[in-house]
1. Counting partner chain Cβ atoms within 10 Å of every residue's Cβ in A:27-33, what's the average?
2. Which whole-angstrom value gives the distance between the alpha carbon centres of the stretch A:14-58 and the stretch B:56-115?
3. With charges only on Cβ, +1 for K and R and -1 for D and E, what is the dipole size of chain A about its Cα centre, in debye, rounded to 20?
4. Write down Rg/Rh for the protein assembly as shown, rounded to two decimals, with Rg from the C-alpha atoms and Rh from the Kirkwood relation over Cα pairs.
5. If you bin the C-alpha pair distances of the stretch B:60-115 every 10 Å from 0, what whole percents do you get?
6. Within 10 Å of each candidate Cβ there may be at most 15 other Cβ atoms; applying that plus a DSSP loop requirement, which trypsin sites (Lys or Arg not before Pro) in the stretch A:64-107 survive?
7. Taking a virtual spin label 7 Å from the Cα of A:ASN18 along the C-beta vector, which residues in the stretch A:80-94 bring their backbone nitrogen under 11 Å of it?
8. Treating only the Cβ atoms of Lys and Arg (+1) and Asp and Glu (-1) as charged, compute the dipole magnitude of the protein assembly as shown about its Cα centre; round to the nearest 20 debye.
Amino acid sequence: SQQGEEDPQALSIQEGENATMNCSYKTSINNLQWYRQNSGRGLVHLILIRSNEREKHSGRLRVTLDTSKKSSSLLITASRAADTASYFCATASGGGADGLTFGKGTHLIIQP
Amino acid sequence: DAGVIQSPRHEVTEMGQEVTLRCKPISGHDYLFWYRQTMMRGLELLIYFNNNVPIDDSGMPEDRFSAKMPNASFSTLKIQPSEPRDSAVYFCASSFGTSGYNEQFFGPGTRLTVL
């Protein structure tokens, strides 16, 4: 079953602009992770935020987590054409369940 | 390290045939996961192993699907008999430690087409 739901499903912006994607989930989590998938490729881990963290940065990426609202956001600043990809949030619920539950993703297109 | 290796990258087969997908995880990783990706259902966890032992196979859709991990460096996902609705991209991923605390590393996937 899908735990994370990304919003929007698709996003098209101009190069240099910021891109924001949101993720909502349903059950309690240990951590939330964001992954990127380029067309025809495997998923690449971007960032992991633990349930006791509220914000995390990695280069041009900024992730926030609001456990009270069961939501997270991924911000990509100063977007580049190479950022064109699908972005997925994934949750790890812990409690002995070790697999990740993925949302359906946001397809981001950066217009040059 | 070469990362997670999957073979074949593409597989086209006819309905009713047996299909075997292969995965070599990153050396030293103790968790291995099999996922399936389709447009309709997104990414679904099929099964995962910890130290070569299957832990949760509740995502395996039917008895036609089976997975093994005979040693720490090799796993297979088998579909017998295959059906057109099995067409999907199958990913293998590995991690060091539980997903509760660690990232997963994905292979490039096997695109399966069942005619």
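1. Working: counts 0, 0, 1, 4, 5, 0, 4.
Mean number of neighbouring Cβ atoms from other chains: 2.
2. 23
3. Details: 12 positive and 10 negative charges, 34 e Å.
For this selection, approximately 160 debye.
4. Numbers: Rg = 17.4 Å, Rh = 17.9 Å.
Over the Cα atoms of the protein assembly as shown, Rg/Rh equals 0.97.
5. Histogramming the stretch B:60-115 at 10 Å steps yields 19, 45, 30, 6, 0 percent.
6. Details: sites: A:LYS69, A:LYS70, A:ARG80, A:LYS104; in loops: A:LYS69, A:LYS70, A:ARG80, A:LYS104.
Passing both the DSSP loop test and the Cβ count: A:LYS69, A:ARG80.
7. Nothing falls inside the zone, counting backbone N under 11 Å.
8. On the way: 22 positive and 23 negative charges, 62 e Å.
The dipole of the protein assembly as shown has a size of about 300 debye.
Read the figures in this text as sums done on the coordinates, not as results from a lab. The structure displayed is predicted, hence computed values, not measured ones. With ideal geometry, Cβ positions are generated from the backbone for all residues, glycine too; neighbour counts draw on all protein chains shown.
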